[in-house]
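K.L.:
Input: one structure, supplied below.
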Amino acid sequence: PDLIIETGIAHGGSLVLSASILALLDYCDAVDAGTVIDPNKPKRKVVGVDIDIRSHNRKALKKHPMRNRMELIEGSSTEAQIISQVHFLSKGFKNIMVFLDSNHTHDHVYAELEAYAPLVSPGSYCIVFDTVIDDLPSELSSDRLWGPSNSPKSALHKYLKTNPDFSIDKDIQDKILITVAPDGYLLKK
């Protein structure tokens, strides 16, 4: 990918990991082409959306060596203004991947799928995290807004019924054996 969109960044660890992997891809491209990388103008970026980016997290991410690869957006990932901002930032990127990992209720994840899955490039993925919630005993989520049948997995199965351009790629989950995202690797055809 040349752009990764992540909803639900928490402390920013996965955002930094994604930015680091994108930096390695830029480096490999530069070596192959015999060119030099301008660290102030990275080719690949990651956009992170979270309803609450705590000031100490924002400060740490702004100081991080990958800061030029990370765009932070604070607000609800399902709010029209935030969706528009992400769509605007995605213009000009060719290969887009999406990670959904914020509020895990069915309605919220379904709204995120409607908003961001269309940005995924053919041959790339929309990864819906924490679909395992649907497979766990309900008492494990009794203090949460989500649980079995009100989860990322229930949302993605509903989404797939009307969006045949995506399919579940079980090969990934079968290779890694243990995942928090069973059925959550959605490949765009």
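K.L.:
Quote the relative contact order of the chain in percent (integer), defining contacts as alpha-carbon pairs under 8 Å separated by 6+ residues. All intermediate terms of the calculation are to be shown ahead of the outcome.
P.N.:
Values: 333 pairs, mean separation 39.0, N = 189.
Relative contact order, the chain: 21 percent.
K.L.:
About the Cα centre of the chain, what is the dipole size in debye to 20, counting +1 per Lys and Arg Cβ and -1 per Asp and Glu Cβ, all else neutral?
P.N.:
Values: 21 positive and 25 negative charges, 145 e Å.
That gives the chain a dipole magnitude of about 700 debye.
K.L.:
In the chain, if the dipole is taken from +1 on Lys/Arg beta carbons and -1 on Asp/Glu beta carbons about the Cα centre, which of Ser154, Gln173, Leu61 is farthest to the positive end?
P.N.:
Leu61
K.L.:
Only Lys, Arg, Asp and Glu count, each charged at its Cβ (+1, +1, -1, -1), so figure out the dipole size of the stretch 19-72 about its Cα centre, rounded to 20 debye. Walk me through the intermediate numbers first.
P.N.:
Numbers: 11 positive and 7 negative charges, 73 e Å.
In total the dipole reaches around 360 debye.
K.L.:
By a straight-distance test (C-alpha under 28 Å), which lysines pair with Lys170 as possible cross-link partners, with residues fewer than eight away in the same chain excluded?
P.N.:
Lys45, Lys94, Lys153, Lys158, Lys161, Lys188, Lys189
K.L.:
Taking 8 Å as the Cα distance limit and 6 or more residues as the minimum spacing, I'd like the relative contact order of the stretch 93-189 as a percentage. Walk me through the numbers before you get to the answer.
P.N.:
Values: 175 pairs, mean separation 33.0, N = 97.
It rounds to 34 percent for the stretch 93-189.
K.L.:
If you don't mind, there's one more thing I want to ask. Distances longer than 16 Å among the Cα atoms of the stretch 121-175: what percent of all pairs is that? Present the calculation step by step, with values, prior to reporting the outcome.
P.N.:
Values: 734 of 1485 pairs.
Summing the P(r) of the stretch 121-175 above 16 Å gives 49 percent of all pairs.
K.L.:
What is the sum of charges, Lys and Arg at +1 and Asp and Glu at -1, for the other residues whose Cβ falls under 9 Å from the Cβ of Lys153?
P.N.:
Values: positive: none; negative: Asp130, Asp134, Asp135, Asp183.
With Lys, Arg at +1 and Asp, Glu at -1, the net is -4.
K.L.:
I'd like to check one number: the per residue accessible area of the chain, probe 1.4 Å, reported in Å² as a whole number. Kindly include the intermediate steps, with their values, before the conclusion.
P.N.:
Values: 10090 Å² over 189 residues.
Solvent-accessible surface per residue comes out at 53 Å².
K.L.:
Is there a quick way to get the dipole size of the stretch 44-131? I mean about its Cα centre, with the Cβ of Lys and Arg at +1 and of Asp and Glu at -1; what is the value in debye to the nearest 20? Provide the component values of the computation, followed by the final result.
P.N.:
Values: 11 positive and 10 negative charges, 171 e Å.
Rounded to the nearest 20 debye, it is 820 debye.
K.L.:
Among residues other than Leu22 whose Cβ falls under 15 Å from its Cβ, what is the net charge (Lys/Arg +1, Asp/Glu -1)? Don't jump to the answer; show the numbers that get you there.
P.N.:
Values: positive: Lys41, Lys43, Arg44, Lys45, Arg67, Arg69, Lys94; negative: Asp2, Glu6, Asp26, Asp29, Asp38, Glu71.
Residues near Leu22 contribute +1 overall.
K.L.:
Which of these values of Rg/Rh (Cα atoms, Kirkwood Rh) was calculated from the structure shown: (1) 1.04; (2) 0.94; (3) 0.98?
P.N.:
(3)
K.L.:
Right, here's the next one. So, R0 is 22 Å and r is the distance between the beta-carbons of Arg58 and Lys91; what FRET efficiency does that work out to, to 0.05? Could the numbers behind the result be given before it?
P.N.:
Details: r = 24 Å, r/R0 = 1.11.
Computed FRET efficiency for Arg58 and Lys91 comes out at 0.35.
K.L.:
If you don't mind, there's one more thing I want to ask. Of all accessible surface on the stretch 1-152 at a 1.4 Å probe, what whole percent is carbon and sulfur? The partial results should precede the final answer.
P.N.:
Details: 4430 of 7970 Å².
The nonpolar share, carbon plus sulfur, comes to 56 percent.
K.L.:
Give the relative contact order (percent, whole number) for the stretch 31-78; include only Cα pairs under 8 Å separated by 6+ residues.
P.N.:
Values: 39 pairs, mean separation 24.3, N = 48.
The normalised contact order for the stretch 31-78 reaches 51 percent.
K.L.:
Just to be sure I understand: with springs between alpha-carbon atoms less than 10 Å apart, which residue in Asp174, Asp101, Asp134 has the highest mean-square fluctuation in the Gaussian network model of the chain?
P.N.:
Evaluated over the chain, the most mobile residue of the options is Asp174.
K.L.:
Then there is this: Give me the accessible area of Ser141, 1.4 Å probe, in Å² rounded to the nearest 10.
P.N.:
20
K.L.:
From the residues Ala19, Val132, Asn163, which one has its Cα farthest along the dipole of the chain in the positive direction, the dipole being from +1 and -1 charges on Cβ of Lys/Arg and Asp/Glu about the Cα centre?
P.N.:
Ala19
K.L.:
Based solely on its DSSP helices, what 222 nm [θ] is calculated for the chain when runs of n ≥ 4 H residues each add -39,500 (n - 2.57) and the sum is averaged over all residues, nearest 500 deg cm²/dmol?
P.N.:
Details: 6 runs with 70 residues, N = 189.
Value at 222 nm, helices only: -11500 deg cm²/dmol.
K.L.:
Once the whole set of protein chains is in place, how much accessible area is left on Arg67, using a 1.4 Å probe, in Å² to the nearest 10?
P.N.:
Estimated to the nearest 10 Å², Arg67 gives 110 Å².
K.L.:
For Glu71, what accessible area in Å² do you get when you roll a 1.4 Å probe over the heavy atoms of the protein chains, rounding to the nearest 10?
P.N.:
60
The values are calculated or read from the model by the stated rules, or taken from the named source; none is laboratory data. Note that the structure is a prediction, hence the values are computed from the model and not measured. Because the Cβ atoms are built from the backbone with ideal geometry, glycine has one as well, and the counts that use them run over all protein chains shown. Surface accessibility is based on the protein's heavy atoms, side chains included, excluding ligands, DNA and RNA. Shrake-Rupley method; radii C 1.70, N 1.55, O 1.52, S 1.80 Å.
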